Amino acid sequence: MSGMSMAIFNAEVIEAITRILKKGNSAELKKENGKLVVVEIERKVKTKTSING
């Protein structure tokens, strides 16, 4: 697992990722200062244009 042990993925991390995914957003895992950080990526559409071709 490229140097990271499975002990990092505890119930709290899995719950945070699941909560983000259920909302329809993307989850990203980062390693900052030796700690695992779960980041929520939320994308909003400002303008939506349909093209009839």
Query raised in the report: How much length is gained if the chain between Glu28 and Ser50 is pulled fully straight, taking 0.36 nm per residue apart and subtracting their Cα-Cα distance, in nm to one decimal?
Result: 4.9 nm
Query - Per residue accessible area in Å² of the stretch 7-53, where ligands, DNA and RNA are left out and the probe is 1.4 Å - result: 95
Report task. Report, ordered by chain and residue number, the lysines lying within cross-link reach of Lys48, taken as a straight Cα distance under 30 Å and ignoring same-chain residues fewer than 8 apart. Result -> Lys22, Lys23
Report task. List the aspartates and glutamates whose Cα lies under 19 Å from the Cα of Lys44, skipping any in the same chain that are fewer than 8 positions away. Result -> Glu28
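The values are calculated or read from the model by the stated rules, or taken from the named source; none is laboratory data. Just so you know, these numbers come straight off a predicted model, no measurement behind them. Surface areas here come from the heavy atoms of the whole protein model, side chains and all, with no ligands, DNA or RNA. Shrake-Rupley method; radii C 1.70, N 1.55, O 1.52, S 1.80 Å.
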